[in-house]
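J.: Below is a structure I'd like to ask you about.
The values are calculated or read from the model by the stated rules, or taken from the named source; none is laboratory data. Predicted, not measured: the structure shown is a model, and the values here were computed from it. Here Cβ is always computed from backbone atoms with ideal geometry, including for glycine, and neighbour counts include all displayed protein chains.
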Amino acid sequence: MDRIRQDIPILKETFDGNPLVYLDNAATTQKPRAVLDAMTRFYETDNANAHRGMHVLAERATIALEDSRRTVQTFLHAAHPEEIVFTKSCTESINLVARGLSQAWIDADAIILSILEHHSNIVPWLQVKEERGCDLLWIDIHDDGTLNMQGFEEVLRHGTVKLVAITAQSNVLGIRPPLKEMIQKAHAAGALVLVDAAQAMAHEKIDVTELDCDFLTFSGHKLYGPTGIGVLYGKRKLLETLPPLLGGGMMIGEVFTDRFTTADVPAKFEGGTQPLAEAVGLDAAIDWLTQFSWDDITKHESLLMKKAYDLLQKIPGLTILCPNPNPNPSPLLSFTIDGVHPHDLTEILGRKGICLRAGHHCTQPLHRRLGIPASTRLSVGIYNTTTELDLLAKELPEAVKRLQ
Ligand SMILES: Cc1ncc(COP(=O)(O)O)c(C=O)c1O
């Protein structure tokens, strides 16, 4: 653990003499030195635009971008590198699919979403609904937060469902829907499936071939990589039929004064200069993450979360939202405390160097469903320790006492 923590420069920061206790990994993760160094090295030795020049630096930049694409392909176990599209974020990746499908679809049919979704996996579909007049059908949750699978099957029977867009892990409750089963059922009903893997990606093995999802999206920055880069995985034959989101340089076959043709995938979706240093950073982040086994990551994060559950349950008036009985708890949980506003709580703890997230976490429909305006979220990553949770256990009751 010492070695892992030494890899992450920001963890040495202190606030008024208090060590940084970063428990907001679901918002963004901190970056290993290897990621920062790889990005600096790219600017110092390889910087040029990719896929544009013939000179030596242009070649290095192109190789760096395509190496990163192959790293992501291997990481996701995708069949072809062309199935990996670089975007600026998970949000942009979902928008790319939504805008593209909206143009490609002829009929205005139905899209299924779960109430667990982040706004990034809701608003683009609301835009499609506004544009095409299609129905949005919602899967509800049970009181323990798990998805109502009977409800899912009922909405699938609607008969005209074109797409199911589902999170791999809720960013509020940590719930992990049974993706494989849902994908099989959706396909049997003739629907495509988009998996929003923004939260799951850094915590569990995601194999797109085994899952058989049609699209999968995530952001580099939640995976120990830089901001400014996201990934869209799409089955090649589907990407080939999808119109591009952005028009511009390098996404074209030919351009005339009255028309254009598009390049092959993935270039078709990568109009304009790509986030090159960020792609290099993402490559380094995946390299850094995959030095650990998924078993070890799960074991470590589960241990932390069991401790977090124990310490939070001792706070009077604290309610953990939909506690997950799973023996391997998700790497995040959210809670409310009677008489304490999450913003006030996280501000007080923040002054002690303890970083938790407060608010609706971009999930207003879910918070409305839970009957609360806001919650506080604790989320761990590879580098967190039980000592950090001890510090939270010391500071939290004092903060609550001050606020109640
Ligand atoms: C489940 C989920 N989906 C999508 C996103 C959007 O990610 P980004 O803001 O990096 O595009 C987030 C971010 O918190 C998320 O938690």
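J.: Please state which one of Ile112, Ile166 is under 20 Å from Ser93 (Cβ atoms), within 16 Å of the ligand (Cβ to nearest atom) and either out of contact with any strand residue (DSSP E or B) (no Cβ under 7 Å at 6 or more places or on another chain) or at pLDDT 95 or above (or both). Write out each step before concluding.
T.: Values: Ile112 fails: within 16 Å of the ligand (Cβ to nearest atom).
When all the criteria are applied, what remains is Ile166.
J.: Separate question: Identify, please: which residue in the stretch 324-365 is hydrophobic (A, V, I, L, M, F, W, C) and in contact with a His (Cβ under 8 Å, 6 or more places away or on another chain) and is, among those, nearest to Ile10 (Cα to Cα)?
T.: Keep residues of the stretch 324-365 that are hydrophobic (A, V, I, L, M, F, W, C), which gives 332-333, 335, 337, 340, 345, 348-349, 354-356, 358, 362.
Now drop any that are not in contact with a His (Cβ under 8 Å, 6 or more places away or on another chain), which leaves 358, 362.
Details: Ala358: 22, Cys362: 26 Å.
Residue satisfying both the conditions and the ranking: Ala358.
J.: Right, next: Name every residue in the stretch 371-394 that is buried (at least 19 other Cβ atoms within 10 Å of the Cβ) and under 22 Å from the mean Cα position of the chain (by Cα), in order of residue number.
T.: Hits for the stretch 371-394 are Ser375, Thr376, Arg377, Leu378, Ser379, Val380, Gly381, Ile382, Tyr383, Asn384.
J.: Tally time: how many residues in the stretch 203-237 are within 11 Å of the ligand (Cβ to nearest atom) and surrounded by fewer than 23 Cβ atoms within 10 Å (Cβ to Cβ)?
T.: 2
J.: Are any residues in the stretch 22-69 of a type in the set (Phe, Trp, Tyr), surrounded by 14 or more Cβ atoms within 10 Å (Cβ to Cβ) and away from the ligand (no atom under 16 Å from the Cβ), and if so, which ones?
T.: Applying the first criterion (of a type in the set (Phe, Trp, Tyr)) to the stretch 22-69 yields 22, 42-43.
Add one more test, that the residue is surrounded by 14 or more Cβ atoms within 10 Å (Cβ to Cβ), and what stays is 22, 42.
Answer for the stretch 22-69, where residues must be of a type in the set (Phe, Trp, Tyr), surrounded by 14 or more Cβ atoms within 10 Å (Cβ to Cβ) and away from the ligand (no atom under 16 Å from the Cβ): just Phe42.
J.: Follow-up question, since we're still on this one. Considering only residues that are farther than 11 Å from Ala78 by Cβ and assigned to a loop (DSSP other than H, G, I, E, B), which ones fall in the stretch 194-213?
T.: Ala197, Ala198, Gln199, Ala200, Met201, Ala202, His203, Glu204, Lys205, Asp212, listed by residue number.
J.: Scan the stretch 83-134 residue by residue and report those that are in contact with a Leu (Cβ under 8 Å, 6 or more places away or on another chain) and acidic (Asp, Glu).
T.: Correct list: Glu83, Glu92, Glu117.
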